[in-house]
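**Q** The structure that follows is given in the form of structure tokens.
The values are calculated or read from the model by the stated rules, or taken from the named source; none is laboratory data. Bear in mind the structure is a predicted one, so any value in this text is a computation, not a measurement. Methodologically, a virtual Cβ is constructed for each residue, glycine included, from the backbone with ideal geometry; neighbour enumeration extends over all protein chains shown.
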Amino acid sequence: MRYSRLVFVAGVACLVSRAPHLSAQPSSDKPSIVVSGVSTDAMVIFKGMPYSATKTVARTTLTGTTSVWVSHVFRDAEGRERVDTADQNADGTPPTPDGTHTICVSDPVTKMSYTWTTGKNLEKYVIVSPSYISKHIIEVWPETSLKDKLAAIPDQPKREVIPEATGSGEVLPPTYLHGIYVTGKRIRIVLPPSAQNNAQQERITTETWTSPDLQLTVLRIQNDSTKGTSRTELTGIHREVPDPALFEPPADYARVINSPAPDSKISTGP
């Protein structure tokens, strides 16, 4: 059962989100709302922009219930990424410092991803999965425009237009957050009751602050009239290259090869 749980957690914590997002696109008469996002055939590798930080995700429902997840995130100059997340306790209370952690590493050099857990009385193994097998691999360096790189990909999926929706966007004055220069934007969207199976009108305001130097989101706040509020924030940002050992699975952990092939196997060595 522990193996099944770890696979599920790995899928949640490690995979890059491909969920579409809403954006306001200007037109000649009024903004139209489209569902857009990164192509599902693209994998982006950020090179030459190392950092480490603490990532906090807080979600508050309309009833006032708040859930908080805290992770430590790392990226080296080769684009390797590590996410170390403290697991919630079974009773829903916040995790303790000596509790269970789920660790995910994405390695574009080996083209593999690694997931394991640390904590007391746990089986020691690493789930190894082939990664970076997308049709399009995009390497982004400092001063590279990710938007232009994505636009150059052929056969982009068509954008879905949501009829009768309205929206507006504004550019916010640049500022500094946690010592990092960031640029901001705010998007307001109103979805009619019929859009995306909504039972009532949905108003969404999203404020995003991005570091152009590191090409990552430092702060994102979203208020949704039908779901509540979410806040994702990076703090304690350091731009030094992280310790290379952070991106290596523990040497004493067995390897579980997670592959679509029917002959997936466990090896006892690296």
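**Q** Out of (1) touching a Gly at 6+ places or on another chain (Cβ under 9 Å); (2) among the hydrophobic types (A, V, I, L, M, F, W, C); (3) assigned to a loop (DSSP other than H, G, I, E, B); (4) at pLDDT below 95, what's the single condition that is false for Ile45?
**A** (3)
**Q** A follow-up question, please. What number of residues within region 101-145 satisfy the criterion of being of a type in the set (D, E, K, R) and not in a loop (DSSP other than H, G, I, E, B)?
**A** 2
**Q** Among all residue pairs at least 6 apart or on different chains, which show Cβ distances below 6 Å where the first residue, located in region 91-118, is within 17 Å of Lys47 (Cα to Cα) and the second is assigned to a loop (DSSP other than H, G, I, E, B) and modelled with pLDDT of 90 or more?
**A** Asp107/Arg80; Pro108/Gly79; Val109/Glu78
**Q** List the strands (runs of 3 or more DSSP E) that sit entirely inside region 205-258 and contain at least 3 residues that are of a type in the set (D, E, K, R) and closer than 17 Å to Lys55 by Cα.
**A** none
**Q** Moving on. Taking the residues in region 60-118 that are at pLDDT 90 or above and acidic (Asp, Glu) as candidates, determine which candidate is surrounded by the fewest Cβ atoms within 10 Å (Cβ to Cβ).
**A** Ranking the qualifying residues of region 60-118, first place goes to Glu78.
**Q** Which residue, of Ala199, Ala251, is within 30 Å of Lys124 (Cβ to Cβ), exposed (fewer than 15 other Cβ atoms within 10 Å of the Cβ), out of contact with any Leu (no Cβ under 9 Å at 6 or more places or on another chain) and at pLDDT below 95?
**A** Sole residue among the options that is within 30 Å of Lys124 (Cβ to Cβ), exposed (fewer than 15 other Cβ atoms within 10 Å of the Cβ), out of contact with any Leu (no Cβ under 9 Å at 6 or more places or on another chain) and at pLDDT below 95: Ala251.
**Q** Next question, about the same structure. Report whether or not Thr40 is more than 26 Å from His136 (Cβ to Cβ), part of a loop (DSSP other than H, G, I, E, B), among the β-branched types (Val, Ile, Thr) and at pLDDT below 90.
**A** Spelling it out, it is not the case that Thr40 is more than 26 Å from His136 (Cβ to Cβ), part of a loop (DSSP other than H, G, I, E, B), among the β-branched types (Val, Ile, Thr) and at pLDDT below 90.
**Q** I would also like to ask the following. Can you tell me how many residues within region 171-196 are surrounded by fewer than 16 Cβ atoms within 10 Å (Cβ to Cβ) and in a strand (DSSP E or B)?
**A** 10
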